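We did not get these values from a lab; they are worked out from the coordinates using the rules stated. Just so you know, these numbers come straight off a predicted model, no measurement behind them. Cβ placement follows ideal geometry from the backbone for every residue including glycine, while neighbour counts extend to all protein chains displayed.
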Amino acid sequence: MLIYKIFRQEEWAALRSDEETRGAAVDVADGYIHFSTPMQAPETAAKHFKGADDLVLVAVETDRLGDDLRWETSRGGDKFPHLYRVLRLEDVVWAQPLPLVDGVHQFPAGAV
């Protein structure tokens, strides 16, 4: 199953350069990297990245993450995927721009 991480351009550039990341500041503070399922990703973008136009949608296959991926209850009682280790560049299946058009993030075809 693919899950998604939304990065700002500079965070994505750092992952590509360093080949691993502990995520954004909120991830580091929480002690895990926040991900969203395809169904959760649009709400995550709208809630946490409102108005941001410098975003990259990163897809990761859950099978690559092993026991370090945990499904934990969060917003609205939904279970969200949380990664309890660094995210490695080799974990990434693909990355695509997440443009903002008329105030709404436009997800790649087939992503959500």
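Structure values in brief
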| read-out | value |
| --- | --- |
| Every pair of residues 6+ apart whose Cβ atoms lie under 9 Å, when the first sits in the stretch 83-95 and is free of Cβ contacts under 8 Å to residues at least 60 places away in the same chain and surrounded by fewer than 15 Cβ atoms within 10 Å (Cβ to Cβ) while the second is of a type in the set (Val, Ile, Thr) and not in a strand (DSSP E or B) | none |
| Tally of residues being among the polar types (S, T, N, Q) and touching a residue at least 40 places away in the same chain (Cβ under 8 Å) across the stretch 1-18 | 1 |
| The stretch 28-60 - residue that is surrounded by 13 or more Cβ atoms within 10 Å (Cβ to Cβ) and touching a residue at least 60 places away in the same chain (Cβ under 8 Å) and, of those, farthest from LEU98 (Cα to Cα) | PRO38 |
